[in-house]
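First up is the structure itself, then whatever we jot down about it.
None of the figures in this text is laboratory data; all of them are computed from the coordinates on show. Just so it is clear, the structure is predicted and the values come from calculations on it, not from any experiment. Glycine gets a Cβ as well: all are built from the backbone with ideal geometry, and neighbour counts include every protein chain shown.
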Amino acid sequence: MKKLIFILCAILFFSGCAGKRSGKEEKRNEKTTIFWEPGPILYKNALVSNFYKDTSSGKIIIEESVKNEKTRSSMFLFSDQANEGADIFAIKCPEELAAYAKNREICNLAIYLRRNRIDLNDFWPAFRSVMQCNGKTYALPVMSSPYVLFYNKKVFDDAKIPYPNDKWVWNDMLQAAIKLTKKSKAGNFLRIGFFSQDPDIFIWQNGGWFFTQDGKQCTLDSQFAKQGFRWYCNLDLKYRVMPDFKELKGILDSYGCVDAADLFAKNRIAMFIGNKDDALRFLDNKNIVFGVSPVPRGRYKVTKLKAIVYAVSEKSLNKDEAFKFLKYLSGPAQYSIARYGCTVPARRSMANNDKYLLGSESKKCIDLKIYSNEMAYARLAENSPYISERDFNKIWKEETVLCFRGEKTPDECLDSITKRVNRLIVTKIKNKN
């Protein structure tokens, strides 16, 4: 009898174990849905398709958004302003990163970086402020592009002016712009000699900064910032090779254009400063033959950086799978993204690899090495943790409009911006204490 009881217990025990194994196996066969807020990446379908070529990704489903509330509550618990329901979402500036990190809404990626042996030093140094906060890494870069000088080759050829090169300084650009600007008898622009909506570059190149390193003071009233900004403003106010805000709007409307990149594509601008994202508008345009050159330098060699990084939600139920897709976006997918002409690989090793340098754009006589070289001198737009980007931009716009109307000099403009910004910073610091 004892022997029979033992046999029955053994049968029940092993049958129970078998049932548990079966349950685990069944769960292992389930597919995990990852919701991805793709932001400005327009070719997301191609990226997702390439991701699935990795056989280990077969049980991960990538969706652009949450289908319904039931799915959202079971698969995902975090809501992003841009898209309600994303395990992975875009972060566009250090201010956003700090806010998400402070509220513990994004994952500290340390354990994933160690587990996957990802070398952060391979990413361009300029990304650090939008990847890390208080010494912790929360995001990985997916899109990056330094600002460069685009120029119309035909316009230069007709005027018998040598093409811009890496030796050009501000005055070289100015002299070419003066010769290439065309106006009607009434003084209206028929062709803009030069255009840039980023005075940051000229302020930086002259040694100026927007803020102190700790962000507790706006420093736009320094002589270096003023000299750089004054030179930029004089392209319109003194030399008239660049339109002011009101003129530009009229020109855009008259040609049915959205921005400077569209005007350039219609041969209405001889030179303009932009990034690779802008180049998408005229990369395959047969009506324009263009070249790419580094931004002409001032006292220092500096350019601006456009960058978008992605983070994993702290409340995601599928962090491991989400990071796997993020690792792909910031790794192998970089070549795919670059092929669309929209970005420079975020990893230095990839940006200097022939797989990128000899890609599709190089066949259109575009030297991609220029973009890679400029990444070493690129900076993200400055910000301070003590004033929101919205508040700063509001002050900047109000004051610069007065400057280009002639109601304030460039120096007075920066003095006013500095005083107004510093008042807000002081208030924020007092309230914080």
Practice item. Determine, from the Cβ-Cβ distance of Asn121 and Asp259 and an R0 of 45 Å, the FRET efficiency 1/(1 + (r/R0)^6), rounded to the nearest 0.05. Key: 0.80
Practice item. Calculate, in nm to one decimal, what Ala381 and Arg104 gain on full extension: separation in residues at 0.36 nm each, minus their alpha carbon distance. Key: 97.3 nm
Exercise for review: Evaluate 2.2 N^0.38 Å with N set to the residue count of segment 184-240, then give the Cα radius of gyration divided by it.
Suggested key: 1.43
Review point. What ranking, highest mean first, results for peptides 328-336, 109-117 when packing means the other Cβ atoms within 10 Å averaged over each residue?
Key: 328-336, 109-117
Check your understanding: Can you give the relative contact order of segment 235-390 as a percent, counting alpha carbon pairs under 8 Å and 6+ residues apart?
Key -> 20 percent
Study note, to complete from the structure: Mean Cβ-within-10 Å packing, highest first, puts peptides 238-248, 308-318, 397-407, 370-380 in the order 308-318, 370-380, 238-248, 397-407
Study note, to complete from the structure: Surpassing 20 Å at the alpha-carbon level, of the pairs Lys154/Lys183; Lys153/Lys266; Lys266/Lys286; Lys182/Lys266; Lys154/Lys238; Lys44/Lys324, are Lys154/Lys238
Point to revise | Measure of compaction for segment 234-354 (Cα Rg per 2.2 N^0.38 Å) | key: 1.41
Practice item. Please give, to one decimal in nm, the separation of the simple spin-label points placed at Lys31 and Ser349, each 7 Å out from Cα toward the Cβ. Key: 3.2 nm
Exercise for review: Compute the length gained on full extension between Asn234 and Ile111: take 0.36 nm times their separation in residues and subtract their Cα-Cα distance, giving the result in nm to one decimal.
Suggested key: 39.1 nm
Point to revise | Globularity index of segment 300-408, i.e. its alpha-carbon radius of gyration over 2.2 N^0.38 Å | key: 1.46
**Study point:** Of Gln175, Ala159, Gly193, farthest towards positive along the dipole that unit charges on Lys, Arg, Asp, Glu beta carbons give segment 152-271
**Key:** Ala159
